[in-house]
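The numbers here are math on the coordinates, done by the rules we state, and not lab data. Since the model is a prediction, treat every value here as computed from it, not as a measurement.
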Amino acid sequence: MLTFDDLLIRARALAGDGRRRALLGLAGSPGSGKTTLAERLVRELNGTGDPWVAHVPMDGFHLADVELDRLGRRDRKGAPDTFDAAGYAALLRRLRDETDGDDLVYAPGFERVLEQPIAGAVPVAPTARLIVTEGNYLLLASGAWVRVRAALDEVWFCELEERERLRRLVARHEEFGKGHDEAVAWVRGSDQRNAELVATTRKRADLVLSAPV
């Protein structure tokens with residue numbers, strides 16, 4: 001079984017000698033530990049020296065609620081067609097290709113209290129040699145999501161025992177403002193449909209991590 005130190009070694013190896021920028025993706029169902037693993041990898045790889053690893057989550061490419069209302073998709077927020085997948089793919093390609101200048105590249109972030117994307121919230125320095133990005137649909141083989149996978153050097157799939165995954169997910173929804181019954185209903189409805197779709201992409205991963213954190 002791979003240890004966390006093994007994952008650090010593998011992530012470092014992606015960047016090689018640092019002459020090119022590498023992109024590592026973490027995929028998995030909602031609540032599977034992607035964000036926690038990404039944050040830990042970035043923290044441990046950067047250590048106390050100059051940061052050379054950046055974290056760019058997919059969640060910044062959520063469509064805003066006003067656009068979801070216009071499209072009639074608000075009740076399915078979190079499904080593949082409620083993200084700007086083409087914009088996400090374009091940013092990943094830019095991060096891969098624009099490595100010679102001195103300018104920051106800005107990515108959007110996601111404010112969980114508001115549940116809204118925030119433009120220009122995640123700065124990526126030109127010195128970053130490894131980008132860690134995470135999201136549900138990195139391995140989805142349809143639409144613009146195909147271009148997302150093509151921009152990534154490796155994708156690791158995070159999975160977690162189902163009861164624990166659901167517990168974490170309900171707790172997260174409650175933490176950011178949903179009542180218990182509302183959180184459970186959302187997890188059993190929209191989140192579960194998305195999780196079942198994500199599970200079908202597992203076979204396309206370069207590495208599968210069980211209970212990653």
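Here are the numbers:
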quantity	calculated
Debye log10 I(q)/I(0) for segment 4-210, one point scatterer per Cα, at q = 0.11, 0.12 Å⁻¹	-0.51, -0.60
Nonlocal amide H pairs with Q116, under 5 Å, H built at 1.01 Å	E111
Mean separation of Cα contacts under 8 Å (6+ apart) over length of segment 126-213, as relative contact order %	42
Relative contact order of the chain, pairs being alpha-carbon contacts under 8 Å that are 6 or more residues apart, as %	32
Full-extension gain in nm, N46 to S142, via 0.36 nm per residue minus C-alpha separation	31.2 nm
In Hz, Karplus ³J(HN,Hα) per residue of segment 77-93 (6.51, -1.76, 1.60; θ = phi - 60°; x = Gly, Pro)	3, x, 6, x, 8, 10, 10, 8, 5, 5, x, 5, 4, 5, 5, 4, 5
For segment 18-89, fraction of C-alpha pairs farther apart than 16 Å, in %	61
Lysines whose Cα lies under 19 Å from that of K178, excluding same-chain neighbours fewer than 8 positions away	K77
